Amino acid sequence: MSAPDISRSPRAEAWIRFKRDRIAVFFLVVFAAYALSALGAQVIELYQGSPFMYEQSLADLGVDLEETALPPSSESWMAWFGTTSAGKSVLIRVFHGTKVAFVVGLCGAGLSVVIGMTLGLIAGYANQWVDELVVYIYSTVASIPYLLLMLALAFIVRQGPIADTYRSFLFSDYVSLGLFNIVVVIGLTSWVTLCRLVRAEVKKVRELEYIHAARALGFGDVRIVFQHILPNVFHLVIINFSLTFVRAIKSEVILTFLGVGVDKEPSWGQMIADAKSELMQGIWWPLLASGLALFGLTLAVNYVGDALRDALDPRLK
Amino acid sequence: MPDHLRGGHIRHPLTALLLAVLLALFGCNPDPYPGEEGAILHVGLRLLPKSFDPPSVEEEGSGKVAANVYEGLLTYHPFARPYKLIPALATDLPTVSEDRLTYTFQLKKGVVFTDDPSLPGGKGREVTAEDFLFAFKRFAHPSTTTKGWWLFDDKIVGLNDWRDTLKKDLTAARAAGESPGPLWGLEREVEGFEVVDRYTIRFHLTKPYPQFLWVLAMPYTSVYPREAVEHYGAEFRNHPVGTGPFKLVEYNPVYRAVYVRNPTYRDVYFPDPKNKPAERWDGWEEDEKAGLLVNAGGKIPLLDGMEIRFILEAQPRWLYFKAGYLDFLNPPKDNMDEAIPGGDLSPEMKAQGIRKDPWTELGVVYTCLNTTDEVLSNVDLRRAMALAFDHVWTVKHLYAGQAIVAKSLIPPGVAGFDGDYHPYQADDGHAQIEKAKKLLAKAGYPDGVDPETGRALRLVFESSGSGVTQRHFAQRFVDEMRKIGIQIDVVVNTFPQMVDKMRNQQYQVAGLAWGFDYPDAQNVLQLLYGPNKAPGIGSANFDDPQFNRWYEEASVLQDSPERTELYKRMAHMVADQVPWITRTHRIRNNLQHQWLQGFKYTEVTDQYFAYAHVDRALRDELLAEWNRPTRWPLAVGFLAFIGLLGFSVSQRNRR
Amino acid sequence: MIAFLLRRILYTIPVLLGVAAITLLLFDVAGGDPVAMKLGKNPDPAEVEALRAALGLDASLPVQYLNFLGQVVTLNFGTSWIDDTPVREIFLRGLMPTLSLSLPAFSIGAVLSISLSLVVAFYRGSILDRAVTALAIAGISVSSLIYILVGQWLLADQWKLFPIWGYEYGPSAVFFVALPVLIWVMLSVGTDVRYFRTVVLEEIGRDYVRTARAKGLSDTRVLFGHVLRNSAIPIITRLTIIVPFLITGSFLLEIFFGIPGLGSTLFTAITSSDLPVVKAFTMLGATLYVIFNIVADLLYAWFDPRIRLS
């Protein structure tokens, strides 16, 4: 075994460790495939106008099938997973649902991570009063039953002035109010865990010698936080991001089921919620397709997230 | 260190636990009614009931649970169609005076309330005219929370004055520091409610009110004893005391209501048209052929008891029915909540012997356009929108064929129906896009573009709920409007929010449905009567002077050609002015298992379950056959677990 | 120690005050109008006013807030706006069903995940370890809704092993909660096993374990004697924090399986704008949450003497 190359940064070390786990690499590729689909779906939508424009029924497209829900068949590539009760291709629907999943996952988790990280950094580094305030905020938010917070926020965002303001933005044509709503709900309800972790870690890091040195050298607080402290807590952020991403896309399913989720764009949550009455009629293929899609993405992110954590925190293996 | 924990046997506690779990699993069986006996009707309700208290029984949930413990003066014949009123606690239909302002009812003698601790001696006592007087006055009392006041408002002589005076006096009493109870001032006389003698009650109306008899068959006007109200107070809503065929024995407002046969129920017999010509009704031969009359002549109720479970989710409700744990599946009354699974019975269902009993509902599904909205007050815009609808597609895909296109807001079979006049709906029910676009241009929105913004005209659609089907309907509306270039923003509301918006005129377009309370077109036309507009029951805020005149004229006429003509004219105006885009009359299917007898689904009342019967032996036999547990997956799982355990032990020992 | 405890308890007061304020605010903005619900079609304006006064809605928000606090202190939350049942009764009625579902699920889940994680840590690196870990990750990658839909359809309807829906008070409840318990356990075991496994592995990685094994102690003894005790802290803390959720219940499971418990009650209350019930349950949930957080801290301190200060 060769001697460790001490000129490599911790990040590069971590990446090498990660690469050794071949399954994790496989799932990373899977994730990339999903991401590309999401991007592709968005591009197609931009090209064809608002989301549902493209969703022509198979009959419109000249495929000679009856317009009702059909089980998977090999008549046309679009019918590989069958059709929904409105004659739309399940496969195409699932494909476009990827976009919603990614918007929800990236933006929802992103928002949550930004809030959690920022507040955690502030609380950990600033003086006691600010710290107390942040702790108070997150204690209170965490004490409110999740269901109530989620539904109340959903109602608030979807009606009234917030909804009107949102609708006046141009991109609200591409990211519907419902989607925006989910992002906000997830962002505002999932940040507490990260905040706690970051705060604790920052408190530890703050006492390290080289931070003292930096302060002695006269570096400003902001610079210290971003240049010196943040890199030390960033592994927490990454891990938490992957966890929240998963939580976000799973929440989309529940929120849509409750009727406060995505209503305009096709989404996996919609297809699963529709399965509620479809299963009764013996229509199982939309549930299978959307369930598999969801499972695949979640599994990939979970696995990669785990591997990331193992890679970034070598004490565990 | 204890012996059993040495050397690799650490899994014993774990194994023991899992074995215990498995044993429990093997003991499981799917019967949700353990230990039940007798002919019991099993009903599934998709809503939670709110109250048994008659003035508060206004929605489907409360209606279903209260129907069989309470009775009023009149009710509906369980089998006759079109719906026919028959006496319940009255001896016969009332004697009505020449000027149609006085209705006199004779009460049946010897009818008793069920035994209840609130009554003297705990035994049920006889029902008299005084009891009816009490019930009616309480219904009108200002302290009684009810949504049904409009049924009596301004109709009974002296009642409005009585109510207004009471209100004033109550406010004064409260201001003076008193705390008047809910029955305060009830003893005051009302001229319009007259107790002639112990068994005779008379009503004096302020003006002819042809719908009065229908009202007396509604749950609002059921009779109950004063003692019960005084004894139970606010709890009376959960503790009914009535005269009905069933008696409530257990009630959990979030789970179920359980009933037994009322042992002191009066004598009512299942009609026997075959042997007694006097009891015949139109169409009795078909009912006979359908096997509905097998229990003719028997004493009601035939059932030993009834259990209504409140199953909110569609999947478990459907599975329950399929497995035979519900005797019939009852489609929802209003709300576009559920697409009925499939139009035709599947082969599996036929093999189970399930019957399908279709009927076209007395109601209409419509898209409501707020005529006072600044954009939608443009009648050409409304007409254009109407033409863009493809009703045939809706029927086929959103209803699986279980609906007919609504040619008029009045359903077929009700006086006033005219299927030929629909200027803004194609004869074949398909969309007429070209015509719509022309009208749209005429309305000032060429190609759907709003000249003010330069972009597509945007309208807001209020969806009345968050269910899957409501989403489909909303989506469909979005698609249809896009065909003419209009962009729709969908807002999803909870029920309270929807009620709010309707009341305050705060909406543009709403997806609604109306179910008739009684088989008279007035019941739907009243929604478009000007004075009823918001904050009243009216929708679309429609207010046309000519319409109002016709409505007022018709409101004092009995059922007659003149009145039907007026109804037709009003319906024509609705078709012209398009405050509503009428869409469909839903076809409902009442699915029944083969052991259910004498059950003909009735839309306007729920008081007919007492005529039903259940062949318990047949049911138990079939259920035992259908619901045999499949235990092999458990065995497989167990073996797999053992295998894994053994494998890991061997791995361990190898180390 | 006492000082620590007192400080923590005192600290909960501002938190609860904050929760009450937020709840009221959220409801004020997001809730529907209960008067419309009660009076419906054609209400008299005077009646509307009277009802608003009776429900306490005519007061300004700050006054409503103070009333709310009064209710919390006297534990009198009034009656539901849907059917006038006293909130206390609603709570008591739903408590047993929820507990009959959540307690078994919690216990079985805890025992199962702790055992599994110990086993897996014991055999770390083996096929068993990898299989269990893979299964755990796969398990949490499926939406709970799918577990419920498919579980009900497959296990209750197709294989007829469990009742589809329903509940019985008393011992028969076992049969009715069996399937939802199973689903709940499946949902939670994945996450818990992963977490506990990490904790145990972290512990095993410590120096003292290597020392103990070098000294010749058997693996079993090390595992049970030392590792388990030291891993107990994060494990127990995590389990403690979950307890409040056992009372608020899982509304999805309760709705789909007909368990008339607190989860579905809260859900119905929120969607029907039933403020008294929402207020009561929120305060209850928040109070339990802060209490159990304190309990977790106490347990933490008790297990680890190094931490016995503020």
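The values are calculated or read from the model by the stated rules, or taken from the named source; none is laboratory data. Fair warning: this is a prediction, and the values are worked out from it, not measured in the lab. Ideal geometry is used to build each Cβ from the backbone, glycine not excepted, and the neighbour counts take in all protein chains shown.
Name every residue in the stretch B:581-595 that is crowded, with 20+ Cβ neighbours inside 10 Å, modelled with pLDDT of 90 or more and closer than 13 Å to B:Asp357 by Cβ, in order of residue number. Hits for the stretch B:581-595 are B:Gln592, B:His593. Of the numbered criteria (1) facing another protein chain (nearest Cβ under 10 Å); (2) within 15 Å of A:Gly105 (Cα to Cα); (3) among the hydroxyl-bearing types (Ser, Thr, Tyr), the one A:Ser242 fails is (1).
Inside the stretch C:103-128, can you point out the residues that are in a helix (DSSP H, G or I), among the small types (Gly, Ala, Ser) and without any contact (Cβ under 8 Å) to a residue 40 or more places away in the chain? Break it down stepwise before answering.
At the first step, the residues of the stretch C:103-128 found to be in a helix (DSSP H, G or I) are C:103-122, C:127-128.
After this cut, where a residue has to be among the small types (Gly, Ala, Ser) as well, the list is C:105, C:107, C:109-110, C:113, C:115, C:117, C:121.
Selection gives C:Ser107, C:Ser115.
With the condition kept exactly as written, say whether any residue in the stretch C:116-123 is away from chain A (no Cβ under 12 Å), closer than 28 Å to B:Trp318 by Cβ and modelled with pLDDT under 85. There is no residue in the stretch C:116-123 that is away from chain A (no Cβ under 12 Å), closer than 28 Å to B:Trp318 by Cβ and modelled with pLDDT under 85.
Of all the residues in the stretch B:96-107, those that are of a type outside the set (Val, Ile, Thr) and surrounded by fewer than 17 Cβ atoms within 10 Å (Cβ to Cβ) number 5.
Kindly evaluate A:Ser251 against the criterion of being within 29 Å of the chain's Cα centre (by Cα), among the small types (Gly, Ala, Ser), farther than 18 Å from A:Ala300 by Cα and surrounded by 18 or more Cβ atoms within 10 Å (Cβ to Cβ).
On the way: within 29 Å of the chain's Cα centre (by Cα): yes; among the small types (Gly, Ala, Ser): yes; farther than 18 Å from A:Ala300 by Cα: no; surrounded by 18 or more Cβ atoms within 10 Å (Cβ to Cβ): yes.
Against the criterion (within 29 Å of the chain's Cα centre (by Cα), among the small types (Gly, Ala, Ser), farther than 18 Å from A:Ala300 by Cα and surrounded by 18 or more Cβ atoms within 10 Å (Cβ to Cβ)), A:Ser251 does not qualify.
Any residue at all in the stretch A:167-174 that's aromatic (Phe, Trp, Tyr) and within 9 Å of chain C (Cβ to nearest Cβ)? Within the stretch A:167-174 (the criterion being aromatic (Phe, Trp, Tyr) and within 9 Å of chain C (Cβ to nearest Cβ)), the answer is no, since none of the residues qualifies.
Looking at A:Leu287, is it more than 23 Å from C:Leu201 (Cβ to Cβ) and either more than 14 Å from chain B (Cβ to nearest Cβ) or free of Cβ contacts under 8 Å to residues at least 40 places away in the same chain (or both)? It is true that A:Leu287 is more than 23 Å from C:Leu201 (Cβ to Cβ) and either more than 14 Å from chain B (Cβ to nearest Cβ) or free of Cβ contacts under 8 Å to residues at least 40 places away in the same chain (or both).
Whenever a residue of the stretch B:157-186 is on the phi > 0 side of the Ramachandran plot and touching a residue at least 60 places away in the same chain (Cβ under 8 Å), it has no partner that is in a loop (DSSP other than H, G, I, E, B) and surrounded by 11 or more Cβ atoms within 10 Å (Cβ to Cβ) lying with C-beta atoms less than 7 angstrom away and at least six residues away or across chains. A Cβ distance below 8 Å, combined with a sequence gap of six or more or placement on separate chains, defines the contacts here; from the stretch C:271-291, residues that are on the phi > 0 side of the Ramachandran plot reach residues that are of a type in the set (Phe, Trp, Tyr) in the pairs C:Ser273/C:Phe27; C:Ser273/C:Trp81.
Residue by residue through the stretch C:269-294, note down the ones that are within 11 Å of chain A (Cβ to nearest Cβ) and polar (S, T, N, Q). If the condition is that a residue be within 11 Å of chain A (Cβ to nearest Cβ) and polar (S, T, N, Q), then C:Thr271, C:Ser273, C:Thr282, C:Thr287, C:Asn293 are the ones that fit. Among the residues making up the stretch A:9-28, a single one is under 16 Å from C:Thr133 (Cβ atoms) and of a type in the set (Asp, Glu): A:Asp21.
Please work out if A:Leu121 is touching a residue at least 60 places away in the same chain (Cβ under 8 Å), more than 12 Å from chain C (Cβ to nearest Cβ) and over 30 Å from C:Asn293 (Cα atoms).
Values: touching a residue at least 60 places away in the same chain (Cβ under 8 Å): yes; more than 12 Å from chain C (Cβ to nearest Cβ): yes; over 30 Å from C:Asn293 (Cα atoms): no.
No; evaluated as a whole, the condition is false for this residue.
Close contacts from the stretch C:218-234, counting a first residue that is away from chain B (no Cβ under 13 Å) and under 12 Å from C:Ser117 (Cβ atoms) and a second that is crowded, with 18+ Cβ neighbours inside 10 Å and modelled with pLDDT of 70 or more, with Cβ to Cβ under 6 Å and a gap of 6+ residues or different chains, come to C:Ser231/C:Val199; C:Ser231/C:Val200; C:Ser231/C:Glu203; C:Pro234/C:Val199. Evaluation of A:Ala200 against the conditions (1) small (Gly, Ala, Ser); (2) in a helix (DSSP H, G or I); (3) surrounded by 23 or more Cβ atoms within 10 Å (Cβ to Cβ) shows that the sole unmet condition is (3). Just one of (1) surrounded by 19 or more Cβ atoms within 10 Å (Cβ to Cβ); (2) over 25 Å from the mean Cα position of the chain (by Cα); (3) in a helix (DSSP H, G or I) fails for B:Gln470. It is (2). Only one entry of B:Val249, B:Val260 meets the criterion of being more than 11 Å from chain C (Cβ to nearest Cβ), touching a Lys or Arg at 6+ places or on another chain (Cβ under 6 Å) and not in a loop (DSSP other than H, G, I, E, B), and that entry is B:Val260.
In the condition set (1) more than 16 Å from the chain's Cα centre (by Cα); (2) at pLDDT 90 or above, B:Val43 is compliant with all but (1).
Quick one: which of B:Asn590, B:Asn627 is within 14 Å of another protein chain (Cβ to nearest Cβ), among the polar types (S, T, N, Q) and either within 30 Å of B:Ala403 (Cα to Cα) or in contact with a Lys or Arg (Cβ under 6 Å, 6 or more places away or on another chain) (or both)? Lay out the reasoning, then the answer.
On the way: B:Asn590 fails: within 14 Å of another protein chain (Cβ to nearest Cβ).
Matching residue, one of B:Asn590, B:Asn627: B:Asn627.
Among the residues making up the stretch B:232-266, those that are farther than 14 Å from C:Asp84 by Cα, among the hydrophobic types (A, V, I, L, M, F, W, C) and touching a strand residue (DSSP E or B) at 6+ places or on another chain (Cβ under 8 Å) are B:Phe246, B:Leu248, B:Val249, B:Ala257, B:Val258, B:Val260. Counting the residues of the stretch A:143-160 that are aliphatic (A, V, I, L, M) and more than 7 Å from chain C (Cβ to nearest Cβ) gives 5.
Only a single criterion out of (1) farther than 29 Å from B:Pro629 by Cα; (2) outside any helix (DSSP H, G or I); (3) among the β-branched types (Val, Ile, Thr) is not satisfied by C:Val142, namely (1).
Here's the yes/no breakdown for (1) buried (at least 19 other Cβ atoms within 10 Å of the Cβ); (2) over 26 Å from C:Phe292 (Cα atoms); (3) hydroxyl-bearing (Ser, Thr, Tyr):
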residue: A:Cys107; (1), (2), (3): yes, yes, no
residue: A:Gly110; (1), (2), (3): no, yes, no
residue: A:Tyr125; (1), (2), (3): yes, yes, yes
residue: A:Asp131; (1), (2), (3): no, no, no
residue: A:Ile137; (1), (2), (3): no, no, no
residue: A:Ala152; (1), (2), (3): yes, no, no
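In the stretch B:520-578, of all residues being small (Gly, Ala, Ser) and under 27 Å from B:Arg100 (Cα atoms), the one that is farthest from the other protein chains (Cβ to nearest Cβ) corresponds to B:Ser560. Against the conditions (1) at pLDDT below 75; (2) closer than 29 Å to A:Thr98 by Cβ, A:Glu13 satisfies every one except (2).
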